[in-house]
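Asks: My questions will all concern the structure given below.
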Amino acid sequence: MPPVCRAAPNPRVVVAIPARDEAGGIARTLRALGEQVDATGALLRDFTVLVLANNCADDTARVAREAAPPGLQVQVTEVTLAPWEAGIVAARRRVLDHAAALAGEDGVIVSTDADTLPAPQWLSALLGALAAGADAAAGRILLDPAQRAALPAAARRTHLLDSAYRQAVAEVHARLDPVFHDPWPRHWQHFGASLALSVRAYRAVGGVPDVSCLEDVALVGALRRADLHLRHTPQARAWTSARLSGRVPVGLSTQLTQWAQAGDGWTVPGAAETLALARAEAALRRAWDHRDPGSRSLLPELWRVDGPEMAAVLEAPTFGLALEGAHWAREAGGLWRGAYPPVAVTQALAELRAALPALRLLGPPAPPLWSAGWADPAQPVRSSTSSR
């Protein structure tokens, strides 16, 4: 069983914001946080906002202090980090570490960015997912409408196509490889602009990993390797900057630039690959937690990996590690890529839309209870979670 890392009832909540040279946008973010409401529409005030203004050449800290909404607890810390740690990875790690200390072991930390505008029920939706049993919750992230309209036409079009494609992929996996903790409807994003997790879960994986970039993706990967439960809740929505000149080496701005350059040439895995991968992951899940021993013999063919290597994958102590090992073996072997070349996103989306009606006719996804990790802990059942 995975460690019990869920937040306590009525936890202390701290929203953490790394901010470098964000004087132009931090006030809008804080105003949006000051307008957070619960399911009844009542203002939320029982949370703290922690702003880390690091290495700023502008007035980010002063603007943040002056923009703090009445009744909302906003703490602003100014730091100057060494040049080699002044980027977003160290800044997010530092502000989340501080937030975790402030929230306490029973608390919840919520990550967002200084150029992001959460919808009024954003925080309530994220906390609701944790209250329902998730260890972490990721919200839907959209582009600021005005900035999106100003993007090159190719970037706008490819962004919309890719988003529709990713959502279709998410539905395929939800229907062919369902899990209780992340049911359909769900989405596919899990990034630092909209991510909540219990302090216990954060501590269980050692906090933000030491990586050069994409620290939010690395943190989610660590949660999944530990078989902690991540909910992609579509009710938590936030809008973020669509600027092409980013503040980080690899991030959304990089993706927008690639979309602008690729245009109709943007390629992704096709429907055949998506369906094959969802079925392979489902079979791996059944084999790993011993629900379907017959699936074990099918895995080499499904993953296009030789038998001994797949047997080694199944010895992983968590399903997240087994799934990561299977994906590594699949990519390293070369047979998978030869069978499933990438296709244009327009083609992939059309193929998925053609395939989904048949999957929907099968009825709503019905995962076995024990795959959620919520079964009786006295039962000798492995708990599994997807590492997609």
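Asks: Over the stretch 18-149, what percent of the accessible surface lies on carbon and sulfur atoms, probe 1.4 Å?
Replies: 52 percent
Asks: Hey, another quick one. Using only Cα atoms, tell me the angle between helix 252-262 and the longest principal axis of the chain; keep it within 0 to 90° and round to the nearest 10.
Replies: On a 0 to 90 degree scale, this one is about 60.
Asks: Right, another one. So what is the relative contact order of the stretch 64-195, in percent, for Cα pairs below 8 Å that sit 6 or more residues apart?
Replies: Rounded, it is 28 percent for the stretch 64-195.
Asks: Rounded, prolate or oblate, given the Cα gyration tensor of the stretch 124-183, with a/c below 1.5 counting as rounded?
Replies: Verdict is oblate for the stretch 124-183.
Asks: Now, a different point. For the stretch 43-89, what's the relative contact order in percent, using C-alpha pairs closer than 8 Å and at least 6 residues apart?
Replies: 47 percent
Asks: Could you compute how much accessible surface residue 240 exposes when probed at 1.4 Å, giving the result in Å² to the nearest 10?
Replies: Around 10 Å² of this residue is reachable by solvent.
Asks: Let me ask another. Give me the 1.4 Å probe accessible area per residue for the chain, excluding ligands and nucleic acids, in Å².
Replies: Result: 43 Å² of accessible area for each residue.
Asks: Continuing with this model, one more query. Give me the percent relative contact order of the chain, please, defined on Cα pairs under 8 angstrom at least 6 residues apart.
Replies: The value is 20 percent.
Asks: Further question on the same structure: About the Cα centre of the stretch 81-239, what is the dipole size in debye to 20, counting +1 per Lys and Arg Cβ and -1 per Asp and Glu Cβ, all else neutral?
Replies: Using only the charged Cβ atoms, the result is roughly 400 debye.
Asks: Read through the labelled values [x] 4, 20, 26, 22, 15, 9, 3, 0; [y] 5, 22, 31, 26, 13, 3, 0; [z] 5, 25, 35, 26, 8, 1 and report the label of the one computed as P(r) over Cα pairs in 10 Å bins from 0, in percent from the structure.
Replies: Only one option fits the structure, namely [y].
Asks: Quick one: grab the alpha carbon gyration tensor of the stretch 39-183, order the square roots of its eigenvalues as a ≥ b ≥ c, and give me rounded if a/c is under 1.5, else prolate or oblate depending on whether a/b is larger than b/c.
Replies: oblate
Asks: Restricting to the stretch 31-136, what percent of DSSP beta bridges are antiparallel, rounded to 5?
Replies: Antiparallel bridges: around 10 percent, rounded to the nearest 5.
Asks: Please label the shape of the stretch 190-323 as rounded, prolate or oblate, based on the square roots a ≥ b ≥ c of the eigenvalues of the alpha-carbon gyration tensor (a/c under 1.5 means rounded; beyond that, a/b larger than b/c means prolate, else oblate).
Replies: oblate
Asks: Report the accessible area of residue 327, computed with a 1.4 Å probe over the heavy atoms of all protein chains in place, in Å² rounded to the nearest 10.
Replies: 40 Å²
Asks: Using 0.36 nm per residue of separation minus the Cα-Cα distance, give me the extension gain between residue 35 and residue 154 in nm, one decimal.
Replies: Contour length minus the Cα-Cα distance gives 39.4 nm.
Asks: Can you tell me the 0 to 90 degree angle between the C-alpha axis of helix 122-131 and the longest principal axis of the chain, rounded to 10?
Replies: Helix 122-131 sits at roughly 50 degrees to that axis.
Asks: Right, another one. Counting only protein heavy atoms and using a 1.4 Å probe, what share of the accessible area of the stretch 304-359 belongs to carbon plus sulfur, as a whole percent?
Replies: Here it works out to 63 percent.
Asks: Is there a quick way to get the dipole size of the chain? I mean about its Cα centre, with the Cβ of Lys and Arg at +1 and of Asp and Glu at -1; what is the value in debye to the nearest 20?
Replies: The calculation lands at about 600 debye.
Asks: If you line up the long axis of helix 345-360 against the longest principal axis of the chain, both from Cα atoms, how many degrees apart are they, to the nearest 10?
Replies: The angle comes out at about 70 degrees.
The values are calculated or read from the model by the stated rules, or taken from the named source; none is laboratory data. Not measured: the values here are computed from a predicted model. Cβ atoms come from the backbone with ideal geometry, glycine included; neighbour counts cover every protein chain shown. Quick note on the areas: whole protein, heavy atoms, side chains included, nothing else; ligands and nucleic acids left out. Shrake-Rupley method; radii C 1.70, N 1.55, O 1.52, S 1.80 Å.
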